[in-house]
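Take a look at the structure set out below.
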Amino acid sequence: MPKDDAETTALKKELNDLIAKCKADQEKVADAKLAEKCGDMGDVQRIRLVVKKSLKGHINKVNSVHYSGDSRHCVTGSLDGKLIIWDTWSGNKVQVIPLRSAWVMSVAFAPSGNFVACGGMDNMCTVYDVNNRDATGAAKMVRELAGYEGFLSSCRFLDDTHIMTGSGDMKICVWDLEAGKREVDFNAHAGDVVSISLAPDMKTFVTGSVDRTCKLWDVRAEKEKQTFFGHEADVNSVCYHPGGQAFATASEDKTARLFDIRSDQQLGHYTPPGNAGFTSCGLSFSGRYLLAGSDDNSIHSWDTLKVAHTGTLNAHENRVTSISIAPNGIALASCSWDQSVRVWG
Amino acid sequence: MVTMNSNEKAAPKACQQGSSRDVTKSSKEEKENEKKERKERENLIANLPPSVQALMATIPSPEESPNYLAYKKMEAIIEKMQDENTGVPVRTVKSFMSKIPSVFTGSELVAWLGRHLNLEDSWEALHLSHLLAAHGYLFPIDDHCLTVKNDNTYYRFQTPYFWPSNQWEPENTDYAVYLCKRTMQNKARLELADYEAESLARLQKMFSRKWEFIFMQAEAQSKVDKKRDKLERKVLDSQERAFWDLHRPMPGCVNTTELDPKKLSRINALKQKRLQQCQELIMQHNLKNNPIVTITNAQESEEEIQKNSEIVKENGECSRTELATLEDDKPSIESQIEAAKRQVAVLKARLERRNVRVSKVAEMFISYCEQYGEYDAFLTPPEWPNPWISDTTELWDQEKQCKEPLPLRRVRRWSFSLRELLRDPPGREHFAKFLSKEFSGENLKFWLAVQDLKALPICRVASCAKDIWKEFLDSNAPSPVNIDAASRELTRVRVESGKPDRYCFDQAQAHVYHLMKSDSYSRYLRSEMYKDILNGSKKKTSVKGIRSIVSFTGRKETSSN
């Protein structure tokens, strides 16, 4: 290990001083605790969601689920190498798309409902057109976006022509789908980028990574606007608050947290009664409920403002890998290693 | 009750090795070998320099595998269950012509769990026993599916040798040997299941070259098995079968030993990196401590002298490589310094940020939640009935429709913020109508055009940007938009620079948005048009409408009176 010379030691000291100052600043701003301030709010009832539909069709673990913009269809990706687009109301499979590689880690549905994207251990992101079929009758593959040096961990459509991806090579890429080229490509984190969440106004997005930090980015820039520390292990999932001013995170360190952008710090710290890491999170339409899927086969929910556990949703028989809340807030879809997808309403 | 003694442990181990040694001897030899290996490893490690030892400590050990903690907890429960006095009663059952050794029933297991763990709900004990089975700690003696039923079916404990916490990861060759051995046994009840037959065929194709070797191993193992006592053999067979049911589950069952591939790939990558680093450090350490010795014996032959000079050269080169490593050190210091400087800059920027106080932020959250609470389906039931309960798709159809009359809630939402108004297509149209009446419609048109520009593919961005400029911002534009001179100049430079990108109108767009928000939007909310649509939706969608007509006629009567 190289020895420290004078310059390095001076820099290290400066860094530590600055970090201490930042922390002191944070504490100055933290003149109240979220739970106390909301103490006089009415208590919110225990979560009353019940499984309304159980979508059966996958024959291997389901890794990821995402709702469409119409709040009725969702797409799921599973290790059996299929993408299935479901109509959550009737439980019918609208389309089954066979994939070239079975190792799907993440799926995304365009808000318009016209495209789906998936990717995983094949180090590629593949985009399919839902409305056009190709010669074999499956959805037409529009683009195969390759060039990643790590697995694809998450992808989200900005609109019908742009998709943003985060991957295991610690980068974020924005692709133009018409040209099939990368528009933006930058190193984002010090570890795999695990999850991306877009703000409601699509101007900013938040990423979570295994380096235990979450960063806030502007869609136009390549430098992060803010970094949030606080988690003690990998951040597994991030989800924007519908108001666009905060986001929730779920992590391997068995907690979920609420970070606020304006005060630049962690507001809420939510722990489950049990002891299992979280794999995914979502916020309800008004932001009052925070739901997180966990390794102990259940989905926990909390009152975000009062920082209180409001119940668990038990129905899965193996770990819950991903949850997605419908854009109009009517339902929650969850998928699990027990090969089923459930719609709660 | 049959206890798990060392004989049973050693026997399967001997089987795995495929040689028919004496059972007790093999166990002793095994233990001695293990001790020797451990001592050797410890000596090796002690000889390594402390930096390497520290690094090796960071290599993720098997104990850090994510499932390990869960296994430890399950084993604690299992040990309590196997206690002679207070555990689950295990016995040998007599049936038809044979005895079934060391079994317990499903209902006994569930009852014991419920009692000893103080479980309130009856289904919890069943669920927990199912999970214990799914992870391979107990198994049904008749079935391949690892689950527990709360009735009189029989179950058996798995021997600690086969516990998943031993980090097994068995290979396909082992599975092939096992399936082959099964086919050699003549009992009808030990026949292969369909999926096992398929796996065997597949493995035969895979290992066609070394199939003889596998066959020999299977033969040897079945010979050893035949020598054993009948009851003991039954138990061991069932335990081995359960082990394979866990690691090669039947179709329809989940494999609980699998790790999340993301975590696994990361742990493996980390191990590789650390091992590489250890090796490099060891090399450096050796170079430092063991300089190459030059031979100085005068009686050496010509070859040796040449070798000497080569060695000297090598030494010189070596020192060069040492220099090289030193030089490598320097860039790493520099890169460290650079990284530190970058961090300093980021932290300084962070200090200069104006942050909002948490109390204020909390108030804003509270007001947001209260405002949107009635739109949150998890808090208040939505206007349209739950589609799964009422079996209609009214909820989604109603959301899509844009004709009047619109529901009151939806129209009220437009008053929350300009963003909400513009988000809803009928809201946009209504606002556009209002603006055209006030002759300020071009602001909204400009804003919408720039939004569309942002969503275009790259090839069309340039031409669209030019069109927008011509239409809205040029000196003789047909729909001139009112923005300040500075933004206009900035935008002009970017558009006419030859490569307009999709964000060149951002500043102008922000300015227009602010204008709309402060000026037009507030007037819209107070306008007659908005009030009409608000009332219009009220009357047509609720019974209150009829009542208001009734009261109107009532008032008429009183006034006439």
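Based on the alpha-carbon gyration tensor of the stretch B:179-287 and its eigenvalue square roots a ≥ b ≥ c, which shape applies: rounded if a/c is under 1.5, prolate if not and a/b is larger than b/c, or oblate?
Prolate, because a/c is 1.5 or more and a/b exceeds b/c.
Which entries in B:400/B:470; A:13/B:273; A:21/A:181; A:140/A:225; A:225/A:254; B:433/B:470 show an alpha-carbon gap greater than 31 Å? Walk me through the intermediate numbers first.
Numbers: B:400/B:470 35 Å; A:13/B:273 29 Å; A:21/A:181 42 Å; A:140/A:225 38 Å; A:225/A:254 27 Å; B:433/B:470 24 Å.
Cα-Cα > 31 Å for B:400/B:470; A:21/A:181; A:140/A:225; rest within.
Residue by residue through B:342-348, how many Cβ atoms from other chains fall within 10 Å of the Cβ on average? Intermediate values should be presented prior to the final figure.
Numbers: counts 0, 5, 6, 1, 6, 8, 4.
The per-residue average across the peptide is 4.
Roughly how big is the stretch A:160-231's charge dipole about its Cα centre, with Cβ charges of +1 (Lys, Arg) and -1 (Asp, Glu), in debye to the nearest 20?
Dipole of the stretch A:160-231, to the nearest 20 debye: 260 debye.
Rank these for me by crowding, A:34, B:138, going from fewest to most other beta carbons within 10 Å.
Working: A:34 24, B:138 21.
Final ranking by Cβ density, sparse to dense: B:138, A:34.
Run the simple label-point estimate for residue B:416 and residue B:367 please: 7 Å along Cα→C-beta, distance reported in nm.
If labels sit at residue B:416 and residue B:367, their model points lie 1.4 nm apart.
Among B:272-284, B:359-371, how do they line up by average Cβ neighbours within 10 Å per residue, starting with the highest? Kindly include the intermediate steps, with their values, before the conclusion.
On the way: B:272-284: 14.2, B:359-371: 18.0.
Taking the mean over residues of other Cβ atoms within 10 Å, the ranking is B:359-371, B:272-284.
Within 12 Å, Cβ to Cβ, of residue B:103, how many net charges do the neighbouring residues add up to if Lys/Arg are +1 and Asp/Glu are -1? Can you show the working numbers first?
On the way: positive: B:91, B:94, B:99, B:156, B:234; negative: B:108, B:142.
Neighbour charge sum, excluding residue B:103 itself: +3.
By count of other Cβ within 10 Å, fewest leading, how are B:250, A:164, A:121 ordered? Before the final figure, lay out each step's value.
On the way: B:250 15, A:164 23, A:121 18.
Result, fewest neighbours first: B:250, A:121, A:164.
With 10 angstrom as the radius, rank A:189, B:116 by how many other C-beta atoms surround their C-beta, starting from the fewest.
Details: A:189 23, B:116 15.
Least crowded to most crowded, the residues run B:116, A:189.
Express in nm, to one decimal, how much length is gained between residue B:271 and residue B:107 on full extension, taking 0.36 nm for each residue of separation and deducting their alpha carbon distance.
Fully extending the segment from residue B:271 to residue B:107 adds 54.6 nm.
Considering only B:254, B:244, B:222, whose Cα is most displaced toward the positive end of the charge dipole of the stretch B:219-264, charges sitting on Cβ of Lys, Arg (+1) and Asp, Glu (-1)?
Among B:254, B:244, B:222, the one farthest towards the positive end of the dipole of the stretch B:219-264 is B:222.
Is chain A rounded, prolate or oblate when judged by the Cα gyration tensor, a ≥ b ≥ c being the square roots of its eigenvalues, rounded requiring a/c under 1.5 and prolate requiring a/b larger than b/c? Please report the intermediate quantities before stating the final value.
On the way: a/c = 1.91, a/b = 1.24, b/c = 1.54.
It comes out oblate by the Cα gyration axes.
Quantify how strongly other chains surround peptide A:280-288 by giving the mean number of their Cβ atoms within 10 Å of each of its Cβ atoms.
5
How big is the gap, in Å, between the Cα center of the stretch B:160-185 and the Cα center of the stretch B:360-417?
Using only Cα atoms, the two centres lie 57 Å from each other.
At what distance in nm do the modelled label points of residue A:314 and residue B:124 sit from each other, each positioned 7 Å from its Cα along Cα→Cβ?
Each label point lies 7 Å from its Cα, and together they span 0.7 nm.
Only the coordinates and a few stated rules stand behind these numbers; no lab work does. Here the structure is a predicted model, which is why all the values come from computation and not from measurement. Please note: Cβ atoms are built from the backbone with ideal geometry, for glycine as well, and neighbour counts cover all protein chains shown.
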